[in-house]
Amino acid sequence: MMRGWNSVAEMPGPIPRINQQALKTELAKRGFESVSVKRELPGGRVEVEANKLHPVHVEAGESIYAPVPVSLSVALDQRGRIKSIDGGTPDPAAVADAARYIKTLRDSRQLAPPGAQESTAGFTHRIERDDQGRQVLRRKRFSTGGV
């Protein structure tokens, strides 16, 4: 007689349980932020949506790294560690949107210029240097009124 399984946890075999925090930590080491696990797939794969810091070319050849949305599929080994990543490359349209967003922030005076005080009114974003020396767009607060 064949046994019926009531849940995935009862099934025999090496099906990794996803430790989402560990997965997010490992993906952060690979440049992914705001990681959201969308679904677990058979065979130890996980569909993920995240932001990836990507160089965005703005005025005068300047590059600013901005978080750009990406989708990826992550293969996990039997211990739940990352074996491989498929995808994760930003779509050119998303990169173009990020460039327009940076321009809009500058035009509306919501992007703090270098050296501006943290508490200066109106600024919602600033450019910061990360530990790799890159200029990175970061939100500092939300707008509290019409700017």
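Between residue 49 and residue 73, what length comes free when the chain is fully extended (0.36 nm per residue of separation minus the Cα-Cα distance, one decimal in nm)?
Once the chain is fully extended between residue 49 and residue 73, it gains 7.8 nm.
Could you give the length gained by full extension between residue 37 and residue 142, i.e. 0.36 nm per residue of separation minus their alpha carbon distance, to one decimal place? Provide the component values of the computation, followed by the final result.
Numbers: separation 105, 0.36 × 105 = 37.80 nm, distance 2.60 nm.
Full-extension gain reported as 35.2 nm.
What length, rounded to one decimal in nm, is gained on full extension from residue 107 through to residue 30, with 0.36 nm per residue of separation minus their alpha-carbon distance? Walk me through the numbers before you get to the answer.
Details: separation 77, 0.36 × 77 = 27.72 nm, distance 3.21 nm.
Extra length from residue 107 to residue 30 when fully extended: 24.5 nm.
Starting from the Cα of residue 140, draw a straight line to each of the lysines and keep only those under 20 Å, dropping any in the same chain fewer than 8 residues away.
Within reach: 52, 103.
For residue 24, list the aspartates and glutamates whose Cα falls under 20 Å from its own Cα; do not include residues on the same chain fewer than 8 positions away.
Partners within reach: 33, 40, 47, 49, 77, 86, 130, 131.
What number comes out for the charge environment of residue 60, summing +1 per Lys or Arg and -1 per Asp or Glu over other residues with Cβ under 14 Å away?
Details: positive: 103, 106; negative: 59, 62.
Combined, the nearby Lys, Arg, Asp and Glu give 0.
Each reported figure results from applying straightforward, stated rules to the coordinates on display, with no laboratory input. This is a predicted model, so every value here is computed, not measured. Glycine also receives a Cβ, built like all others from the backbone with ideal geometry; neighbour counts cover every protein chain displayed.
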